[in-house]
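Written out below as structure tokens is the structure these notes cover.
The values are calculated or read from the model by the stated rules, or taken from the named source; none is laboratory data. Owing to the predicted nature of the structure, the values given are computational and were not obtained by experimental measurement. Cβ placement follows ideal geometry from the backbone for every residue including glycine, while neighbour counts extend to all protein chains displayed. We work out accessible area using only protein heavy atoms, side chains counted, and drop any ligands, DNA or RNA first. Shrake-Rupley method; radii C 1.70, N 1.55, O 1.52, S 1.80 Å.
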Amino acid sequence: MKRFFTIAILVIISVVIGFSYGYLVHRNQIFPYEHIKKAFLKNLYRNTMQWSIGIYEGPSPFHLSDPKDVENPVLSARDVSDVDAAFIADPFMVEDQGKYFMFFEVLNLDSNTGDIGLAVSDNGKEWSYEKIVLDEEFHLSYPCVYKVGDQYYMIPESGEDESVRLYRANSFPQDWEYLGNLLTGSAFYDPTVFFYDNLWWMFTSTAGNGELNLFFSDSLSSGWQAHPMNPLVENNPDMARPAGHVFEYENSLFRLAQDDYPSYGIQVYAIEITDLSSETYKENSDSLNKIVSMSGKGWNAVGMHHADMHQVGSRWLAVVDGLKQR
């Protein structure tokens, strides 16, 4: 009996010491806090957020599928060589002088924030990871890239900073300079800018996944103002949040939207914009054109929430992302 009580007391003391030490490690973030945190995050993301990047192709934006000559995913977190990456997502592609450049979110486990990564390709289908090209103290994702004249600009999502930030390439594609904020004062999700009818336009979600707002300006770098019909979409998470560049097809303009109901990032819809001016906005929301969707197996089994569309000759090429499991 005496031995039993001795063992019980030792166990209680060990538990108290262990709990106290764990509390001090967590509260003061001392060794080995960062190692424990990183191991926890790595396990969490491995089991719930296995996003990677693939290529889809087809005769039109509405008839896309895995190309027979591509093994998806073409890029994953394992390809990221300069940081410890949990996942990659939100790809945007540009073509310059016959070479292809892809920018995308890299979830950095060391900081638990998103950085912007770069990959390159000679044909748009086989990709090589290069490096992280943009890293801030806050989370970055959704790196929209635009060419205006001979100059490249990037507008990533920086909702954690409650801003929409504009960057310019000093030396494309690796060196980017922060120019200033286009919008401030709210968490702007997935800002998507395009030029149409002599004005710059920006779709963004500003209250989670169920609301869509529109801003416009006569200059990319300043003067942005809210559209009088905001919010354009409200309390509708299956068609509000942006999911890639606005594109034109057969003289019609389409925006891309995530389907985030009943769970986040199920598929991507294209919605035709039928009236766009500084005073009015209309879209054909009765007909949702499915662009990409979860496949039920493999690298995109349970989710796809992004598509960047490009017409290459007579074919359409899309860089997309997919979720393996939740």
Compute the long axis of helix 2-28 from its Cα atoms, compare it with the longest principal axis of the Cα atoms of the chain, and write down the angle in degrees, 0 to 90, nearest 10. 30 degrees
If I take every Cα pair under 8 Å that is 6 or more residues apart in the chain, average their sequence separation and divide by the length, what percent do I get for the relative contact order? 14 percent
Counting lysine pairs in the chain that sit 8 or more positions apart or on different chains, with Cα atoms under 23 Å apart, gives 21
Qualifying trypsin sites (Lys or Arg not before Pro) in the stretch 272-312, DSSP loop, other Cβ atoms within 10 Å at most 14: 297
In a Debye calculation with equal point scatterers on the alpha-carbon sites of the chain and no solvent, what is log10 I(q)/I(0) at q = 0.07, 0.09, 0.10 Å⁻¹? -0.32, -0.49, -0.59
Pick from 314, 186, 293: which residue has the top mean-square fluctuation in a GNM of the chain where Cα pairs under 10 Å get a spring? 314
Taking the 0 to 90 degree range and rounding to the nearest ten, how far is the long axis of helix 33-48 tilted relative to the main principal axis of the chain, both from C-alpha atoms? 50 degrees
If only Cα atoms are counted, what is the Rg of the stretch 261-326, and what is its Dmax, in Å? 14.7, 45
Using the charge dipole of the stretch 224-326 (Lys, Arg: +1 at Cβ; Asp, Glu: -1 at Cβ; taken about the Cα centre), state which of 277, 251, 318 has its Cα farthest towards the positive end. 318
Peptides 268-275, 246-253: what's the order by average Cβ count within 10 Å, highest mean first? 268-275, 246-253
Please get the size of the charge dipole for the chain, origin at its Cα centre, with Cβ charges of +1 on Lys and Arg and -1 on Asp and Glu, quoted in debye to the nearest 20. 1820 debye
Under a 1.4 Å probe, counting only protein heavy atoms, residue 259 has an accessible area in Å², nearest 10, of 10 Å²
Assign unit charges at the C-beta atoms only (+1 for Lys and Arg, -1 for Asp and Glu), then state the dipole size of the stretch 53-97 relative to its Cα centre in Debye, rounded to the nearest 20. 180 debye
